[in-house]
Amino acid sequence: GNVRKFRGAETQWQEGVTALEVLQSVAQVETHQVGEYVFVTSIDGVKGIRGDKAWYYEINGRHADKLAFVRVLNKNESTRWIYKKDVCSPKVDAEK
């Protein structure tokens with residue numbers, strides 16, 4: 001998102017750890033709960049802007065299939081968080 005330069009970090013894999021827990025172990029993270037769902041709204045002070053930019057993550061270079069708070073990582077999987085155009089909020093707002 002041209003906000004900050006890429007920053008990498010490594011952690012030791014633990015059985016049952018989620019993508020959100022890994023992120024929280026290496027960065028300052030803010031979340032927002034909506035019903036039973038938890039969304040990442042800020043990483044290291046870079047806040048998402050509803051309808052404009054948001055935080056998304058990939059696993060091994062592929063779009064994640066679940067929200068980070070429930071996606072349990074397997075050994076040798078890597079995550080990458082990306083600050084990019086918010087494509088989810090407009091869809092959710094349209095459904096209301």
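What follows draws every value from the coordinates through simple rules; no lab data is involved. Computed from a predicted structure; not experimentally measured. Here the Cβ is made from the backbone with ideal geometry for all residues, glycine too, and neighbour counts use every protein chain on show.
Taking only the Cα atoms of the chain, the ratio Rg/Rh comes out at 0.95, with Rh defined as the Kirkwood radius. Taking label points 7 Å from Cα along the Cα-to-Cβ direction, residue 28 and residue 66 give a separation of 3.0 nm. Report summary: the helix-based calculation at 222 nm, which adds -39500 (n - 2.57) for every DSSP H run with n ≥ 4 and divides by the residues of the chain, gives -4000 deg cm²/dmol.
Sorted on the mean count of surrounding Cβ atoms within 10 Å across their residues, most packed first, peptides 28-37, 52-61 read 52-61, 28-37. Counting 0.36 nm for each residue step from residue 47 to residue 80 and taking away their Cα separation leaves a gain of 10.2 nm.
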